[in-house]
Amino acid sequence: MTYSRVVLSAGSNIGDRTAHLAGVVERLADDLVAVSPIYSTAPWGGVAQDDFLNVTIIAEGERSPEQWLEICQELEQAADRTREVRWGPRTLDVDVISVSRDGHVVTSADPVLTLPHPRAAQRAFVLVPWLAVEPDATLWTAQGERPVVDLVAELDPNERAGVVVVDELPIPRRR
C-alpha cells in the first residue's frame, strides 16, 4: 500500500448538519492533518434547497485513492444519503478533491473517481475552507498546478462572500 494525502470536501444540508460533518471527522480521526472551520454556503447547481454546512479535511494514510473514495461512500451511506436529484439536498456529501502520493498529484479520468475533482476549481465552498487550513495549497487543473488562492480570486466575488464561517468542529484525539 502506498502512503497518500487526500483533500476531502464534506457538506450537509439535511438533518443535523453539524453532526453529519462531525461524523466524518471522527471516522478519519487517526488520519487527520487538518479540518477547516464550518462554513455556511448557498447551494450550488441551481436546485432550490436550504444552505449547506461545509468543511474541508486533509488526511494522510496508507490508502489508495479508491480506498479514500470507499470511506467517503461509507460515510454517506451511514448518513442515509440518497441520490434523487443531481446537486440536490443531501444529509451528507463527501467528495475526494485531490490525492497525492509520494508528493505527486494523482490524476485520473476514471468516471468513478476523476482526480482531481473536475469542478473543484469552480467551487468557493471547496476552495475557501481549503485555504483556511492550507494557505499555500495548490490544485491541479487543465492549465496545470495552480495556487488555490489564485483560483479563489478568479471566482465571482458574490460567491466568495457567500462562504461564511459559522462554527468549529471538535478535533477528536487520535486513537
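Scan region 126-159 for residues that are assigned to a helix (DSSP H, G or I) and modelled with pLDDT under 95 and report the count. First the steps, then the outcome.
Quick first cut of region 126-159, residues assigned to a helix (DSSP H, G or I) only: 126-133, 148-154, 157-159.
From what is left, the residues that are modelled with pLDDT under 95 are 158-159.
Matching residues across region 126-159 total 2.
In region 86-111, which residues are in contact (Cβ under 8 Å) with a residue 40 or more places away in the chain, part of a loop (DSSP other than H, G, I, E, B) and within 22 Å of Y3 (Cβ to Cβ)?
Of the residues in region 86-111, the ones in contact (Cβ under 8 Å) with a residue 40 or more places away in the chain are 86-102, 105-106, 108.
If we keep only those that are part of a loop (DSSP other than H, G, I, E, B) as well, we get 86-92, 102, 106.
The answer is D102, V106.
Considering only residues that are part of a strand (DSSP E or B) and over 22 Å from A19 (Cβ atoms), look in region 54-70 and name the one that is least open to solvent (accessible area, probe 1.4 Å).
G61
Select from region 4-48 the residues that are touching a Lys or Arg at 6+ places or on another chain (Cβ under 7 Å) and either part of a helix (DSSP H, G or I) or among the aromatic types (F, W, Y) (or both) and list them in ascending order.
Of everything in region 4-48, those that are touching a Lys or Arg at 6+ places or on another chain (Cβ under 7 Å) and either part of a helix (DSSP H, G or I) or among the aromatic types (F, W, Y) (or both) turn out to be A29, D30, W44.
How many residues, within region 14-40, are closer than 19 Å to D80 by Cβ and either touching a strand residue (DSSP E or B) at 6+ places or on another chain (Cβ under 7 Å) or open to solvent by 60 Å² or more (accessible area, probe 1.4 Å) (or both)?
Kept after step one, since they are closer than 19 Å to D80 by Cβ, are these residues of region 14-40: 14-27.
Filter once more, so that each one left must be either touching a strand residue (DSSP E or B) at 6+ places or on another chain (Cβ under 7 Å) or open to solvent by 60 Å² or more (accessible area, probe 1.4 Å) (or both): 14-18, 20-21, 24-27.
Count: 11.
Could you grab me the full set of residues in region 41-50 that are farther than 17 Å from A120 by Cα and buried (at least 17 other Cβ atoms within 10 Å of the Cβ)?
Here is the first cut: in region 41-50, the residues farther than 17 Å from A120 by Cα are 47-50.
Of everything in region 41-50, nothing turns out to be farther than 17 Å from A120 by Cα and buried (at least 17 other Cβ atoms within 10 Å of the Cβ).
Restricting to region 160-175, and then to whatever is closer than 16 Å to A59 by Cα and open to solvent by less than 50 Å² (accessible area, probe 1.4 Å), can you tell me which residue is modelled with the lowest pLDDT? If you could, list the steps in order and put the result at the bottom.
Filtering region 160-175 for residues closer than 16 Å to A59 by Cα gives 169-175.
Next, from what is left, pick out any that are open to solvent by less than 50 Å² (accessible area, probe 1.4 Å): 169, 172.
On the way: L169: 83, P172: 75.
Here the answer is P172.
Open to solvent by less than 80 Å² (accessible area, probe 1.4 Å), out of contact with any strand residue (DSSP E or B) (no Cβ under 6 Å at 6 or more places or on another chain), at pLDDT below 95 and not polar (S, T, N, Q): does that describe R119? Steps first, answer last, please.
Details: open to solvent by less than 80 Å² (accessible area, probe 1.4 Å): yes; out of contact with any strand residue (DSSP E or B) (no Cβ under 6 Å at 6 or more places or on another chain): yes; at pLDDT below 95: yes; not polar (S, T, N, Q): yes.
Yes.
The values are calculated or read from the model by the stated rules, or taken from the named source; none is laboratory data. Keep in mind the model is a prediction, meaning the values are calculated, not measured. All Cβ positions, glycine included, derive from the backbone under ideal geometry; neighbour counts span all protein chains shown. What goes into the accessible areas is simple: the full protein's heavy atoms, side chains included, and nothing from ligands, DNA or RNA. Shrake-Rupley method; radii C 1.70, N 1.55, O 1.52, S 1.80 Å.
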